[in-house]
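Submitted below is the structure of interest, expressed as structure tokens.
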Amino acid sequence: EAGVTQFPSHSVIEKGQTVTLRCDPISGHDNLYWYRRVMGKEIKFLLHFVKESKQDESGMPNNRFLAERTGGTYSTLKVQPAELEDSGVYFCASSQELGSGEKLFFGSGTQLSVL
Amino acid sequence: RKEVEQDPGPFNVPEGATVAFNCTYSNSASQSFFWYRQDCRKEPKLLMSVYSSGNEDGRFTAQLNRASQYISLLIRDSKLSDSATYLCVVTRTSNTGKLIFGQGTTLQVKP
């Protein structure tokens, strides 16, 4: 069974450009999460989808970030316009049930570098 | 103050050593507790859940002290393959995938 896949694995863009990250959760997983780790800091929660609905977006840094999950399958996270402080690793995770940390499966992340 | 605090290390130990990591959390209402492992440039993976009664999985033992808001991980007979970053993770409520991570403790096991 395929795990959580993220694309691209790396992205290098200039400040002010737009970048879209994609996450394909494990098939059948209704819950999809985005997390981010910026340099020198801990991994932080961004938001949680249940199917196509945003359940919790309390971790989204600002309105330059837009997450979507049309159809309740894959999700995209768009950053527009990107700023230097957006650099970091963006992780996606999915789970079948609304469980706790033992039920989450993480993707390998997208390394975003904003120059 | 960070909600989950860990000593970032690095901890450099020889093969076969016993090493202990500690973690404190500030929210006394935290519900669930975990240790995750993250290899270099890889995703975090669940190592083990942590319970007040303590739990053991092979060479790994985790302990939770709710009164002191303290979580520990003990690794016995360290292997080279144990080299990684160990992340202390809590949740504020039960049945949630909204995880609160510590910054991680880096372990390097040397031959």
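Against the definition (at pLDDT 95 or above and more than 9 Å from chain A (Cβ to nearest Cβ)), how does B:Ser53 come out, yes or no?
no
Could you please find all residues in segment A:77-89 being in a strand (DSSP E or B) and more than 11 Å from chain B (Cβ to nearest Cβ)?
Matches in segment A:77-89: A:Leu77, A:Lys78, A:Val79, A:Gly88.
Taking strands (runs of 3 or more DSSP E) that do not extend beyond segment A:21-73, which have at least 3 residues that are within 14 Å of chain B (Cβ to nearest Cβ) and modelled with pLDDT of 95 or more?
Hits in segment A:21-73: A:31-37, A:43-50.
Keeping to segment A:100-115, report how many residues are facing chain B (nearest Cβ under 7 Å) and surrounded by fewer than 16 Cβ atoms within 10 Å (Cβ to Cβ).
1
Inspect all residues belonging to segment A:43-54 and state whether any of them is within 14 Å of the chain's Cα centre (by Cα) and among the polar types (S, T, N, Q).
Within segment A:43-54, none of the residues are within 14 Å of the chain's Cα centre (by Cα) and among the polar types (S, T, N, Q).
With respect to B:Ile100, is the statement that it is more than 8 Å from chain A (Cβ to nearest Cβ), on the phi < 0 side of the Ramachandran plot and buried (at least 21 other Cβ atoms within 10 Å of the Cβ) true?
So B:Ile100 does not fit the description; no.
Check B:Lys42 against each of (1) within 17 Å of A:Glu102 (Cβ to Cβ); (2) of a type in the set (Lys, Arg); (3) at pLDDT below 95 and name the one condition it does not meet.
Just one mismatch for B:Lys42, condition (1).
The values are calculated or read from the model by the stated rules, or taken from the named source; none is laboratory data. Fair warning: this is a prediction, and the values are worked out from it, not measured in the lab. Reconstructed Cβ throughout: ideal geometry from the backbone, glycine too, with neighbour counts over all protein chains shown.
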